[in-house]
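Engineer: Before we start, here is the structure in question, set down as structure tokens.
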Amino acid sequence: METLIRLLSMLSVPFMLIGWVCIVVGLCTIGKEPGLPMVVVGLVFWAPRFFLKRTVGRYEKAHHKKIEDLANDSGGIKYREYKNNSGIVVTNKGKIILSDGAIIKAYDPSQIREWRSSIYEQGVVAGGGLAGLAVVAQESRRAREGTGLFISTRDVEHPKWHIKIKDAKTLAKWMEILQQEIND
């Protein structure tokens, strides 16, 4: 679901931009030839992006609520971080709740094997035309997949978790939280 939402969001950007251009041109020429029809065309191009954003927002809110409900059932929230449709929660009873996409699971500290953080710096391409764009897209994907908090668990169904945290300070904070909660 997350991949589909990301794909639809990326595909809707050009249509949204075309829609805004049509709306602006239409508003600037009201009373002349393209005028109002151009505004209507712009709204038609812009509307899918608007509804997609609303749908994504509702999906993320519902997902966030599931995490909070599980955390409250496990003793209440002590620490929490939720971004980019992934998250981690440490409860007052010591449970560690992990979320990645649609999957949410709670673990005892003894079920956490290891954790590490990583920040992948995206490279820069100068020039290159379409080949350069392809390299930039590949670097962006690598940065997205290589940055965050990575946790291994004693779970056959979902042994590796990727919590998508991009900020170095937040990653350091979570490394210390896990150190205290699991090792101390």
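The values are calculated or read from the model by the stated rules, or taken from the named source; none is laboratory data. Given the structure is predicted, the values throughout are model-derived calculations rather than measurements. Using ideal geometry, Cβ is built from the backbone for each residue, glycine included, and neighbour counts are taken over all protein chains shown. Accessible surface is based on the protein model in full, side chains and every heavy atom, while ligands, DNA and RNA are left aside. Shrake-Rupley method; radii C 1.70, N 1.55, O 1.52, S 1.80 Å.
Engineer: Which of the numbered conditions does residue 101 fail, given that it passes all the others? Conditions: (1) more than 25 Å from residue 180 (Cβ to Cβ); (2) out of contact with any Asp or Glu (no Cβ under 7 Å at 6 or more places or on another chain).
Structural biologist: (2)
Engineer: Does residue 140 satisfy the criteria of being in a helix (DSSP H, G or I), touching a residue at least 12 places away in the same chain (Cβ under 8 Å) and open to solvent by 30 Å² or more (accessible area, probe 1.4 Å)?
Structural biologist: yes
Engineer: Among the numbered criteria (1) surrounded by fewer than 15 Cβ atoms within 10 Å (Cβ to Cβ); (2) at pLDDT 75 or above, which one does residue 11 miss?
Structural biologist: (2)
Engineer: Can residue 121 be described as open to solvent by less than 60 Å² (accessible area, probe 1.4 Å) and acidic (Asp, Glu)?
Structural biologist: Here the answer is no, as residue 121 does not meet what is asked.
Engineer: So the check is Cβ under 8 Å with 6+ separation or different chains; which pairs have a first residue in the stretch 89-118 that's farther than 27 Å from residue 56 by Cα and in contact (Cβ under 8 Å) with a residue 24 or more places away in the chain and a second one that's surrounded by fewer than 18 Cβ atoms within 10 Å (Cβ to Cβ) and of a type in the set (S, T, N, Q)?
Structural biologist: Between residues of the stretch 89-118 that are farther than 27 Å from residue 56 by Cα and in contact (Cβ under 8 Å) with a residue 24 or more places away in the chain and residues that are surrounded by fewer than 18 Cβ atoms within 10 Å (Cβ to Cβ) and of a type in the set (S, T, N, Q), the close pairs are 112/152; 113/152; 114/152; 115/152.
Engineer: Consider the stretch 153-184. How many of its residues are under 15 Å from residue 103 (Cβ atoms) and either polar (S, T, N, Q) or part of a helix (DSSP H, G or I) (or both)? Break it down stepwise before answering.
Structural biologist: Of the residues in the stretch 153-184, the ones under 15 Å from residue 103 (Cβ atoms) are 153, 155-164.
Applying the additional criterion that residues be either polar (S, T, N, Q) or part of a helix (DSSP H, G or I) (or both) yields 153.
The number of residues fulfilling the criteria is 1.
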